[in-house]
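Please read the structure below before turning to the comments.
Values in this text are rule-based calculations from the coordinates and carry no lab data. What you see is a predicted model, and the numbers here were worked out from it, not measured in a lab. Methodologically, a virtual Cβ is constructed for each residue, glycine included, from the backbone with ideal geometry; neighbour enumeration extends over all protein chains shown.
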Amino acid sequence: MRKIPIIAGVVAAAALTLTACGSSAPPTFTSKGSIELYSESGPVGDPLDGAQVLILDPSGKIITAAPLTFSYSGTGLVSGTFYSFTVKVPTGLSEYGIQVPNQGPASIVWETEAQMRSGPALEAEDDAGVG
C-alpha cells in the first residue's frame, strides 16, 4: 500500500494553498502609453507593430512586457508612425523604465509613477535602425 505519498501530497497541496492565500500581490494600475516612430527620410510603415515594449523596475529587471499596436501614420516635414501599448504595473516603484523594441538598453526612458499613470509618450527615430 502506498498511503504515505498520497497523504504527503495532500499535506503539500494544502500548504501551497495556504501560502498562496496568505500572500497578496502588490497593487497594480494600468498604464496606457504611446510611441512615435519618426523618420526624416520618408514614411516608415509599421515596423514595430506587435513588437514588445519592455517595462523595467528601478534595478533594470523586466517586470512586464506588452505588444505595440499600430495606431496611425502621418507625413509632413517629418514622417511619423504611432503605436500604443497597455500594461499593468505595480504601484510604489521609484521609477519605471520603458524600453523601445529593437533599440537596446540605450533606448530606456525612465518615468515616475505619475507619468506612468497619465500615459507615457515616447519618441524613437527610425533612421537610427528601429525598423
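Some notes on this structure:
- Full extension of the chain between LYS88 and GLU36 gives 16.6 nm of extra length, using 0.36 nm per residue less the Cα-Cα distance.
- Spin-label proximity, SER24 to region 84-99 - amide N less than 16 Å from point 7 Å beyond Cα toward beta carbon: 90-92
- Stokes-Einstein translational diffusion, region 28-128 - Kirkwood Rh over all Cα pairs, 1.567 mPa s, 4 °C, in µm²/s: 94 µm²/s
- Considering region 71-112 at the alpha-carbon level, its Rg and Dmax are found to be 13.8, 40 Å.
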